[in-house]
Amino acid sequence: MAQCARWLCLVAGLSIGLGLGPAGAAEVTLRLGGPWTTGSNLHKGMEKFAEHLAAASRGRYEVKVFPDSQLGDIQQLLTGVQLGTIDLAYLAIGNAAQLRGGGPLNVAYVPHLFKSKAQATEVLNGPIFAEMYEAVAKGAGVRIFAVYGARSPRAVQTVKGPVRKPEDLKGMRIRIPPIDMLRAAMEAAGAKPVPMGLSDVYMALSRGTVDGQENGFDAAIQFKWHEVAKFWSATDHVFEVGAWYMNERKWQALKPEERELFRQAARTGGQIATKLGEALDREGIETLRKSGVTYVVPDSVAFDAAWADLHRAYEGKTWPAGLVEKIRASMK
């Protein structure tokens, strides 16, 4: 009996040392929400984040993952993280542009600013954008602590089509996320942008509430928009990377070594999302064609001309003057 008691004490001590509570329960349980569909590459990235953090923290942190907008749409997720009722969210980087101090993040959506997923990932995790994330943390109480998970390049998918040049978009109602630079890009091409949540797009396309949407394969195929929108125009106008959000008070409560664990988990989760997304991109054209979707590569020169000076209206207003050139210079 004495030996058994000593063994139980040893196990209990080991559990405490690993940060585990009774019966191996985690000390801290966090909720991670996203709008992404179950089984999508971005959802898989969220799951990998949770798995990595649990292992790296030796069970101290358990992350419960909620895809499919289970905790709310994009705006509700942002609000929840801001209030602290939601601990973490995996969203587009531009969603933070709605928050106080986040306006300059619109610059990430200047058409054709980045030339590849790798380039976008590097710059968005670099010092230029770090200053913008700090402004959001101070202004809105929301911390973007890592930007990993390269998404499919954003394109235009329509019920009418195909779209080969900007004039073909004239008068079309195109669904966009609530990101001002994307609104401006669609308006410059002659379209009428319609902000709308991801979960509402399928019905809007099928009922004719909108004539199309702009996003990448990773959203369009997972949400099955190709069932109702049969024209895909590969404008590839934005290379976007998923952003990991956390309530700022909770971030500040973490020790430096714990913050690094969260960053590592985000990087690992993002790598999975990127890898699976690249496979989706390779197979995407064939998936669309099998569903009867017409795939075209538009006139890139014409779209470049339509969008060439788009950023100038934001210089010195939405973001500091010269920011676009500063970003471009950092990539040379």
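The values are calculated or read from the model by the stated rules, or taken from the named source; none is laboratory data. Note that this is a predicted model, so its numbers are computed, not measured. Here the Cβ positions follow ideal geometry from the backbone for every residue, glycine too, while neighbour counts run over all protein chains shown.
Which members of region 62-108 meet the condition of being in a strand (DSSP E or B) and either touching a Pro at 6+ places or on another chain (Cβ under 9 Å) or under 14 Å from ALA243 (Cα atoms) (or both)?
Listed by number, the residues that qualify are LEU88, ALA89, TYR90, LEU91, ALA92.
So, in region 213-256, of the ones that are assigned by TED's automatic domain parsing to the domain that holds LEU182 and of a type in the set (S, T, N, Q), which residue ends up surrounded by the most Cβ atoms within 10 Å (Cβ to Cβ)?
GLN213
Restricting attention to region 24-43, report how many residues are surrounded by 21 or more Cβ atoms within 10 Å (Cβ to Cβ) and more than 19 Å from ARG259 (Cβ to Cβ).
8
Would you confirm, using the coordinates I've provided, whether GLN222 is within 18 Å of ALA92 (Cα to Cα) and at pLDDT below 95?
Spelling it out, GLN222 is indeed within 18 Å of ALA92 (Cα to Cα) and at pLDDT below 95.
Which of the strands (runs of 3 or more DSSP E) found entirely inside region 151-195 contain at least 1 residues meeting this: β-branched (Val, Ile, Thr) and in contact (Cβ under 8 Å) with a residue 40 or more places away in the chain?
Ranges flagged: 154-158, 173-176.
What about ARG60, is it within 23 Å of ALA150 (Cα to Cα) and either not assigned by TED's automatic domain parsing to the domain that holds GLN271 or not aromatic (Phe, Trp, Tyr) (or both)?
no
Among (1) buried (at least 17 other Cβ atoms within 10 Å of the Cβ); (2) in contact with a Leu (Cβ under 8 Å, 6 or more places away or on another chain), which single condition is ALA266 missing?
Condition not satisfied by ALA266: (2).
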